[in-house]
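Values in this text are rule-based calculations from the coordinates and carry no lab data. Note that the structure is predicted; figures quoted are calculated from it, not measured. In this analysis, Cβ positions are derived from the backbone assuming ideal geometry, glycine residues included, and neighbour counts consider all displayed protein chains.
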Amino acid sequence: MTKSGDGAPRLHEELLAAVYANPTDDSARLVLADFLIERGDPRGELITLQIQRRNGGSTEAALARETELIEEHATEWLGRLAPVITLRSNDAVSTFERGFLAVAFIAGKGELTSCALVLDDPSWAV
């Protein structure tokens, strides 16, 4: 991981902002992915794998790795949204596409109240 004071946290925020500002632009996601991979962050690998799959360049091993990464890190990647998102239930599954939450399943009345607390989160943009 990087040392504080090296500018990496600020650059990370700027790269995320670029993705949020233009959620359909894969080039912004790939720049973020490279940045994350250089720092050992597995989300960079997920972004790369999912964009490769979207472009028709996936394998069974890559699909298995995507699943593994999501199962291990999804709650962390959801950040502030984690308390209101149900990743998997009998009714539905929340999904990640191109490294970010794409389909969110929110279940129950309590979660809807909590959801109002995170409506301003920029990650909803993607």
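Look at the alpha carbon pairs under 8 Å that are at least 6 residues apart: their mean separation over the length of region 8-72 gives a relative contact order of 21 percent. Of the peptides 62-74, 46-58, 6-18, the order by per-residue mean of other Cβ atoms within 10 Å, starting with the highest, comes out as 46-58, 62-74, 6-18. Diffusion of region 1-59 by Stokes-Einstein, at 25 °C in a medium of 0.890 mPa s and with Rh set to the Kirkwood radius over alpha-carbon pairs, works out to 205 µm²/s.
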